[in-house]
Every structure is written in structure tokens, then in C-alpha cells.
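**Student:** First the structure, which I've put down as C-alpha cells, then a few questions once you've had a look.
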Ligand SMILES: Nc1ncnc2c1ncn2[C@@H]1O[C@H](COP(=O)(O)OP(=O)(O)OP(=O)(O)O)[C@@H](O)[C@H]1O
């Protein structure tokens, strides 16, 4: 498995946000995308997920452009944006069940996933009664039930307390140890073994 970006550029409102962005990501590697507010981190993640077309350059999964019809990239991807993919009027377990249906399932059960993120005691509660941090934890649980090697995560630590951030780092490191790949943005330091991490800073030539 190889995920790669080749000379990507992105223009928003006639302004070049970034250009010549290239990297390669192999199993067991994490790409940390850094940069100040407005540098284009979310825009880059959207290009890498196939949600937006680059103004130039290509994104490839196993040497095939992800936007080509024959690319099977989507089946390998779990995307978590700024917004949680949750329905407020459903319980925690109902949300995970819904997300489990639209993704290829892993071995872990919904109950195990919800317990792993320390929400076992509220698994039958409506998500609208959750705090922002609890919703983020539940969204992270959806990554565990998906059998997808590539996680693309926009500020996964947002709204998490210290324990939640440590939990995320543990889950991320386990995913990398199993040969998973992660691309993520963060405004915080990420406490994951440095041998897994490559850093890409936007806003610098
Ligand atoms: N839909 C859009 N139309 C026009 N411009 C946009 C759009 N979305 C974002 N932008 C602009 O693109 C620039 C980069 O936005 P982006 O969200 O990618 O930055 P970011 O690095 O993720 O920022 P932050 O750290 O604040 O989340 C900003 O100047 C923003 O105003």
C-alpha cells in the first residue's frame, strides 16, 4: 500500500494557498499537517480524501489517481472532518451501527468500540445530550469499527480533554503498529513515537 501526493496546489478565492506539495506515505506512517489558521490544512485534507479536485497535481493510491473511475481508494479511507458524522436524535450505539453499515466492518463490536472510548455507560443515550468531547470520542469510535487502513482526520483532538487526547494517541499508535496510515491536522503537539511521524508545514516554502 502506498499513498502519495504529487506537486499539489490549491487556489481559493484567487489566492494560492499552497503549491508543490508532495509526499509519500507507507504503512505504519503518520503525516502531521501543521500551519497557522487559514494556511490551507483542511483544504489539503479535502484534496487528499478526493472531496475536492486539486488545481494542479495528483493524489495516488497504489499508483492510481484517486479521482479515476477505476480507483478503489474510497474503500480504504476513513475520513473524519471538523464536524462529527453523528445524528443527534440517535443513541451512541445507533450512530455506530449506522456508521458500521456504510463502512467495511472490523472485528471489533459496537459495544467494544463504545467502551474503548469510555462511553459504555451512556451507549443508550441520545447524542444530543452529549458534550462536545463525548461526541468527538464517539466519532473516534467509528474509526475502530471501520476496517480501513488510511485514516484522514481533521483536528481529531478538538474538544477532547487530556484523557481523551491520550486515548486518541493510544488508538492512533495501535493503528500505526498494525500497519495503518494516518494523515491528520493538529494545533497541539502529538505524543506519538517520533519514528512514525512525518511533518508537513503549510505556509512555508
Ligand atoms: N469554500 C471556500 N470558499 C472560498 N474560500 C475558502 C473556502 N473554504 C476555505 N476557504 C479559504 O481557504 C483558506 C484556507 O482554509 P482552510 O480551512 O483550508 O485552512 P486551515 O489551515 O484548515 O485553517 P484552520 O487552522 O483555521 O482550521 C482560508 O483563507 C479560507 O478562508
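**Student:** Just to confirm my filter: which strands (runs of 3 or more DSSP E) fall fully inside segment 7-112 and include at least 2 residues that are in contact with a helix residue (DSSP H, G or I) (Cβ under 6 Å, 6 or more places away or on another chain) and in contact (Cβ under 8 Å) with a residue 12 or more places away in the chain?
**Tutor:** Those strands (runs of 3 or more DSSP E) span 30-34, 56-61, 77-80.
**Student:** Right, something else. Out of everything in segment 131-147 that is surrounded by fewer than 20 Cβ atoms within 10 Å (Cβ to Cβ) and either without any contact (Cβ under 8 Å) to a residue 24 or more places away in the chain or in a loop (DSSP other than H, G, I, E, B) (or both), what residue ends up being nearest to the chain's Cα centre (by Cα)?
**Tutor:** Of everything passing the filter in segment 131-147, 147 is nearest to the chain's Cα centre (by Cα).
**Student:** Can you tell me which residue in segment 11-37 is surrounded by the most Cβ atoms within 10 Å (Cβ to Cβ), limited to those that are out of contact with any strand residue (DSSP E or B) (no Cβ under 8 Å at 6 or more places or on another chain) and within 30 Å of residue 191 (Cβ to Cβ)?
**Tutor:** 36
**Student:** Is it fair to say residue 89 is more than 14 Å from the ligand (Cβ to nearest atom), modelled with pLDDT under 95 and farther than 18 Å from residue 187 by Cα?
**Tutor:** Judged against the criteria, residue 89 is not a match.
**Student:** Do we find that residue 42 is more than 30 Å from residue 111 (Cα to Cα) and modelled with pLDDT of 95 or more in this structure?
**Tutor:** yes
**Student:** Within segment 148-163, can one find any residue that is in a helix (DSSP H, G or I) and buried (at least 17 other Cβ atoms within 10 Å of the Cβ)?
**Tutor:** no
**Student:** Quick one: which of 124, 118 is more than 30 Å from residue 2 (Cβ to Cβ), modelled with pLDDT of 95 or more and in contact with a strand residue (DSSP E or B) (Cβ under 6 Å, 6 or more places away or on another chain)?
**Tutor:** The match here is 124.
**Student:** If you don't mind, another one. Give me the pairs: first residue in segment 160-187 and closer than 15 Å to residue 148 by Cα and touching a residue at least 60 places away in the same chain (Cβ under 8 Å), second residue away from the ligand (no atom under 16 Å from the Cβ) and part of a helix (DSSP H, G or I), beta-carbon distance under 6 Å, and six or more apart or on different chains, which are they?
**Tutor:** Taking only residues 6 or more apart or on different chains, the pairs are 176/196; 182/172.
The values are calculated or read from the model by the stated rules, or taken from the named source; none is laboratory data. On a predicted model such as this, the values are computed, not experimentally measured, just so you know. Cβ: placed from backbone, ideal geometry, glycine included. Neighbour counts: every protein chain shown.
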